[in-house]
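Colleague: Below are the structure tokens for one structure; questions will follow.
The values are calculated or read from the model by the stated rules, or taken from the named source; none is laboratory data. Values in this document were obtained by computation on a predicted structure and should not be read as measured data. Virtual Cβ from ideal backbone geometry, glycine too; neighbours counted across all protein chains shown.
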Amino acid sequence: MQIPFPKKKVTRSIAAKEFEILEHAYPGAQTELQYSNPFELLIAVILSAQCTDARVNMTTPALFAKYPGAEELSKADRLDVERIIKSCGFYRMKAKNIVATARDLVEKHAGIVPDDRVALESLAGVGRKTASVVLSVVFEKAAFAVDTHVFRVAHRLGLTLGKSERDVERDVTGFLPPEKWRHAHHWLILHGRAICKAPTPRCDICPLQGICPSRGIVEQAFAKTAKGRRQVRAGEVVARPRQSSAKASTPSSVPRSPRRSKASKDS
Ligand code: SF4
């Protein structure tokens, strides 16, 4: 089911209400990646590109049992690393990246994960998104990482019209004080995984349904599917007019996936 994004941003007061509801719905939200130190989180985040956190959590115990720190991983045989992380997908590229990252950590930072963005992004295999997750989760710094869930949910809520991850980061953080940025990242991810799913958002059980500018769009899109047409004919659902209560629901041609710059190292 193709679901266009709203083409107008919500007002500051609607955005504030959306975040209030999300904070209430996901209290104490945090990363689902398992780690016991900054090095493990950094490697886990690199492995999580195009992969679920659950799959990464199944993989990293074996990896860290054999290569517990940057020193050990920097000297690893890449084929052995590929074998261990194979189930995470893109394993050749990821094995190359994590070994190179470990080597950079040893050579430039005495094996310690740095706590500033410039140093993190200078590591092989570390882009803005990975650096933001490490900065916000481990070092509790004001940073807002944009992944595919954050990109989609932020658009559906009318928090951004941005075409790139940097656009979304700028727009969403513009609605929030810096101390909320790292929490908002997790609220949007958890909401995207649990309710506002990519193909089938569950607007019927969503705590944001009263103010979300996408609700009418979702219902319009569903009504056009074969199942939706059957339900409309049977009177089980009503195809609402496109306009939502937030007056921001006209579909646009905003891309469904974030555009990444060629320089981006996050995949
Ligand atoms: S109302 Fe629907 S589109 Fe809006 S946030 Fe909730 S699930 Fe997503």
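Colleague: Please determine whether any residue of region 3-11 is touching an Asp or Glu at 6+ places or on another chain (Cβ under 7 Å), farther than 23 Å from residue 193 by Cα and either surrounded by 17 or more Cβ atoms within 10 Å (Cβ to Cβ) or at pLDDT 95 or above (or both).
Modeller: no
Colleague: Scan region 174-233 for residues that are exposed (fewer than 15 other Cβ atoms within 10 Å of the Cβ), out of contact with any Phe, Trp or Tyr (no Cβ under 9 Å at 6 or more places or on another chain), under 16 Å from residue 4 (Cα atoms) and of a type in the set (Val, Ile, Thr) and report the count.
Modeller: Here the count works out to 1.
Colleague: State whether the residues of region 20-28 include one that is assigned by TED's automatic domain parsing to the domain that holds residue 168 and crowded, with 21+ Cβ neighbours inside 10 Å.
Modeller: Yes: region 20-28 contains one or more residues that are assigned by TED's automatic domain parsing to the domain that holds residue 168 and crowded, with 21+ Cβ neighbours inside 10 Å.
Colleague: Which numbered condition trips up residue 200, out of (1) in a loop (DSSP other than H, G, I, E, B); (2) within 14 Å of the ligand (Cβ to nearest atom); (3) modelled with pLDDT of 95 or more?
Modeller: Single failed check for residue 200: (3).
Colleague: Quick one: is residue 189 in a helix (DSSP H, G or I), touching an Asp or Glu at 6+ places or on another chain (Cβ under 8 Å) and not small (Gly, Ala, Ser)? Outline the logic, then answer.
Modeller: Details: in a helix (DSSP H, G or I): yes; touching an Asp or Glu at 6+ places or on another chain (Cβ under 8 Å): yes; not small (Gly, Ala, Ser): yes.
Yes, satisfied.
Colleague: Failed condition for residue 150, given (1) surrounded by fewer than 24 Cβ atoms within 10 Å (Cβ to Cβ); (2) closer than 28 Å to residue 5 by Cβ, with all others met?
Modeller: Unmet condition: (1).
Colleague: Let me ask another. Identify all residues within region 113-123 that are assigned to a loop (DSSP other than H, G, I, E, B) and crowded, with 16+ Cβ neighbours inside 10 Å; write none if there are none.
Modeller: 113, 114, 123
Colleague: Looking only at region 203-214, which residues are in a loop (DSSP other than H, G, I, E, B) and within 6 Å of the ligand (Cβ to nearest atom)? Steps first, answer last, please.
Modeller: Initial filter on region 203-214 (in a loop (DSSP other than H, G, I, E, B)): 206-214.
Within region 203-214, 206, 208, 209, 212, 214 qualify.
Colleague: Among the residues of region 175-197 satisfying the criterion of being more than 11 Å from residue 22 (Cβ to Cβ) and without any contact (Cβ under 8 Å) to a residue 24 or more places away in the chain, which is nearest to the ligand (Cβ to nearest atom)?
Modeller: 197
Colleague: Consider region 34-70. How many of its residues are surrounded by fewer than 21 Cβ atoms within 10 Å (Cβ to Cβ), in contact (Cβ under 8 Å) with a residue 60 or more places away in the chain and under 17 Å from residue 149 (Cβ atoms)?
Modeller: Count: 1.
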